[in-house]
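The values are calculated or read from the model by the stated rules, or taken from the named source; none is laboratory data. Worth saying up front: this structure is predicted, and the values here are computed from it rather than measured. No Cβ is skipped: glycine too gets one built from the backbone with ideal geometry, and neighbour counts run over all protein chains shown. Accessible surface is based on the protein model in full, side chains and every heavy atom, while ligands, DNA and RNA are left aside. Shrake-Rupley method; radii C 1.70, N 1.55, O 1.52, S 1.80 Å.
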Amino acid sequence: MTPRSNLVVVPWPVLRTTSLSYLLPLLLLLLIHPWRGSCHPQCLDFKPPFEPRQPLVFCKEYTKFGCCDLEQDEEISTRFYTVMDYFDYSGFTTCGKFIRSILCQECSPYSAHLYDAEDANTPMRLLPGLCGDYCADYWHQCRYTLSLVLEGLGSKSVQDPGHRGHLARMANLTAAMEEDQGLFCDFLVLKDRQYCYPNVLTNTELNANLGSVREDPEGCLELCLQEVANGLRNPVAMIHANDGSHRFFVAEQLGYVWVYLANGSRVDRPFLNLTQAVLTSPWAGDERGFLCIALHPRFTTVRKAYVYYSVYAKRQEKIRISEFTLSPHDDNQLDHASERTILEVVEPASNHNGGQLLFGDDGYLYIFIGDGGRAGDPFGKFGNSQNKSTHLGKALRIDINDNDNGAPYSIPPDNPFLGETTAMPEIYAYGVRNMWRCSIDRGDAATGYGRGRLFCGDVGQNKYEEVDLIVKGGNYGWRAKEGFSCYDRKLCQNSSLDDILPIFAYPHKLGKSVTGGYIYRGCQMPNLNGLYIFGDFMSGRLMSLKENTTTGEWLYNEICMGKDQTCRFPKLINSYYKYIISFAEDEAGELYFLATGSPSASARAGVVYKIMDPSKRAPPGKCSIKPSPVKVKGKLIHFHPKEEFVINKKPTTTAAPTTTTRKTTTTTRKATTTTTRKATTTTRKTTTTRKATTTATGGDDNPEENDRAKQATAARRPTTTKATVTVQITATTTAVKETRPARRPTVAAVRPNVRPTVRPSVKANGRKASTTALGVASSHRPGYRSTVMTPTSSPNSTARHQTDHHHHRAPEGHANTTLSKAQEKLWLAEKQVSTGEGNQVHKTPPRGGGGGGGRAGGRIRTYNQGSRGKKLRTGAVRLVSADGLRDRGRVEIFIHGQWGTVCDDLFNSKAAAVVCRQLGFTASLAVMKRATLGEAESAVRILLDDVECRGTERTLLECKRSKIGKHNCSHQEDVGVICGYQTGEE
């Protein structure tokens, strides 16, 4: 949502004593905000629009794409006919079209923009924004229906608890507006003529690709992300159990496997710990380690897991495939004593270890092993990959079923090379170099098309990366070919090669180490169905392929992060760490990728991202799941995202350019597609701001691949872009103008690498990764209602975001801020009165004892007593105002004997209603973010963050929130509220 120029906030007690002529413009400014710039399709529930499962009956124009299902459509129809009961036939005919159109804008795909609801933390308009001409016609023909429409809204179940208060106040003003066209249309008109109703329906540009995946001017698909796990050390794989629990398991290169429950929390005990056996090192780019895990497809009954890892045994480096059995005492832990070796393969070099295990639809276990390492597969006359007497450079298939009392595995009877005496019987396909990440297509949910197909990314040598469709007995060409081109010309010209070409290959201008992905078959994002999404470890580029089922061609599109406006939905982000290690899908088929900011097995820089399409979602209820319960032994570690949500980003100005010169190169994007048999690739026109300095998962003894390991070790420190923004808030009597840094300081932690935002490294924006504070959520605690309001400090203090490098926590042990003596005297002179038991205001704080306030002898004291000397209860709140106003100020909460602030992240009018009700008010008039009503001094602790309330709680502690003292914000984000009363109340 674009920034607003001025926001006039008028508390209701002031309104009731103000003349009507002065009142109307102020109220209209509060309810109507001028819009400039672009918006995006979004519904009033702050989610993307959808195609309803059943056609709409009343608001038919939105039956293909909009924000209403049939139930909402019926509710709107009921409200319409309730209003129209007041009209005769003539009035029904004349005014019905206006009222129907206005009410049906709740179903518009741009309803959030029309109702000023694109920010979940700001008040909504009462009615959708109209265009000027349409409003004039409405006023001339049906002006007196406005009060009826507003009364109809009063009976509607409204999410915002302050909404009814607005309606009650508006009822006294509609009479004046109905007589004055200027006031009438000032209330209804949306200043942005492009997006007001009905222009928004006829705008060709807005409606051309409505509901399709958004593309930038260069054709890049704009998607967003959701952070679901962090703090991982090179997360190499993520799988699910397919047991209805919707758990997922994340493996780290060191040898740990962790269990994450459906609610995002992690079990503190590892599912598997092989760190003592796994061969790896902390240096960036080491390809050895714990590389993959696969659960038996009938895990609920067979209860076995299979792992792929590097070991050093008998003076040799080996690949080991092992079997483990689930612990009989803990469903979230394997029995470490049950390990049984299935297969071991000697590795002649430390690279090209392969690393993929998966079960096919046939129930067999597929194993993908690299060619043995070094450069160009130099082993033997034709290399390992073309030599069927070795397991290296192959895709293997074995049967591990019913193996409890015999050999660890058997050979499937239809394996393709059983008839060749010199061939290893486990081989399913050959001629592969170093396949990194393969997946099985679930198939289209409706038709089943594609089910069982096996896709793999095969890391290239000097020029090309490729994506292959693996079939039984296939020869994928290495070392004769790399991608579509010849690598070993003698082998390439051999007529008996009979190799299968990739479905797609791309040059090293786009990336140097492919990470295979998945065909999206989930439910939540219907636009992505059938799209193969993959990436590149070196460049951080996300890419996609779409099959033309008629021609068999695969069409390429790059994926980039949507701009802030595109991703402005709750909990979404639009940046990620560039080293894309793996892709995954959950039990429901939703798609994820695993990336890190530092490609070292010892760096806790790994993050799991969920891929999100902001352009269209599935209809409500279609994708709902009910995870089966999981018994957990031990503790749960609650997840708290580190990244800043797009919806919470603050406006910034661009920092002055640096004098550092960067070498630039240019590549060309051709509008051609890549077919199964034609050696054509698609590249993008991009500008490089720096050379790729990362490590691929497949380095070799050649100049390009040797650079990968060297370059990845050159860590870059994150930089802080200093920017200032001036925010001017015009209140009833005062204007506060504050200038402060637009972003909180960043901390150089273990995540020193570049994160792609709109473009990954090939077209970087010059920014480097910044880190944010890490907090841990906790379960709700009961709170106590407090009726205390106390004096506090001036808001004009400088925020200092103090952080340690490991946990990013604010320093412990600091008491709350207090007034200076001059401020205290001024405040007491203005407010030394009692407002009754429900809202006591402190008089001069007592000296000495534990209940004192202010500074004495250089020691900071805290107010820990409430009204009339009573001890404060945990959860009490107060409003801190520099002007001494009792109805507005920075929110502070009393916990564990001290006062502290509350962050504005997720804090909305429902949370404000809880605060105001504690202080004796009956309504919340406004939520003021970004320390608009003052920021606390650095000594004050930030006690609460991510507060989400239903509006009925007694205290903020009863709301959903992060753990006390855990936050990822600074005092520049201290939240404030303005409280008041509903109509007819004191």
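Were the residues from SER147 through ARG950 laid out at 0.36 nm apart, the gain over their Cα-Cα distance would be 286.2 nm.
Please give the FRET efficiency for ALA313 paired with LYS960, using the beta carbon to beta carbon distance and R0 = 30 Å, rounded to the nearest 0.05. About 0.05, to the nearest 0.05. Volume per residue for region 288-365 equals 95 cubic angstrom (convex hull of Cα atoms). For region 34-104, applying the loop criterion from DSSP together with a ceiling of 14 other beta carbons within 10 Å to the trypsin sites (Lys or Arg not before Pro) yields ARG36, ARG53, LYS64. Taking square-rooted eigenvalues a ≥ b ≥ c of the alpha carbon gyration tensor, is region 233-357 rounded, prolate or oblate, where a/c under 1.5 means rounded and, failing that, a/b exceeding b/c means prolate? Cα axes put region 233-357 in the prolate bin. Remark: region 613-629, residue by residue, has Karplus-estimated 3J(HN,Hα) of 9, x, 8, 7, 10, 6, x, x, x, 5, 9, 5, 10, 10, x, 5, x Hz, where x stands for each Gly or Pro and the curve is 6.51 cos²θ - 1.76 cosθ + 1.60 at θ = phi - 60°. Less than 5 angstrom separates the built amide H of LYS481 from those of TYR487, ASP488, all sequence-distant by 5 or more or on a different chain.
Heavy atoms of the protein chains alone define the surface here; on that basis region 401-461 has 42 Å² accessible area per residue at 1.4 Å probe size. Take region 72-127 with all the other protein chains still there, run a 1.4 Å probe, and you get 37 Å² of accessible area per residue. Using the Cα gyration tensor of region 412-497, with a ≥ b ≥ c the square roots of its eigenvalues, what is the shape: rounded (a/c below 1.5), prolate (a/b larger than b/c) or oblate (neither)? It comes out oblate by the Cα gyration axes.
With a ≥ b ≥ c taken as the square roots of the eigenvalues of the C-alpha gyration tensor of region 211-296, please select rounded if a/c is under 1.5 and otherwise prolate if a/b is larger than b/c or oblate if it is not? Note, shape of region 211-296 comes out oblate. Among the listed pairs LYS578/LYS622; LYS64/LYS649; LYS509/LYS571; LYS633/LYS966; LYS64/LYS97, those whose Cα-Cα separation exceeds 23 Å are LYS578/LYS622; LYS64/LYS649; LYS509/LYS571; LYS633/LYS966. Taking each of LYS60/LYS929; LYS563/LYS960; LYS60/LYS191 in turn, the alpha-carbon distance tops 32 angstrom for LYS60/LYS929.
Computed over region 308-418, the quotient of the alpha carbon radius of gyration and 2.2 N^0.38 Å is 1.18.
Proximity of backbone amide H atoms, modeled 1.01 Å from N, is registered between THR515 and GLY535, ASP536, PHE537 at under 5 Å, excluding neighbours fewer than 5 places apart on the same chain. Keeping all protein chains in place, calculate the accessible area per residue for region 527-660 (probe 1.4 angstrom), answer in Å². Heavy-atom SASA per residue in region 527-660 reads 35 Å². Give, as a single signed number, the net charge of other residues whose beta carbon lies under 12 Å from the beta carbon of PRO41, with Lys and Arg counted +1 and Asp and Glu -1. Around PRO41, the surrounding residues sum to +3. For ALA229, nonlocal amide neighbours, meaning residues 5 or more places apart or on other chains whose placed amide H falls under 5 Å from its own, are VAL608.
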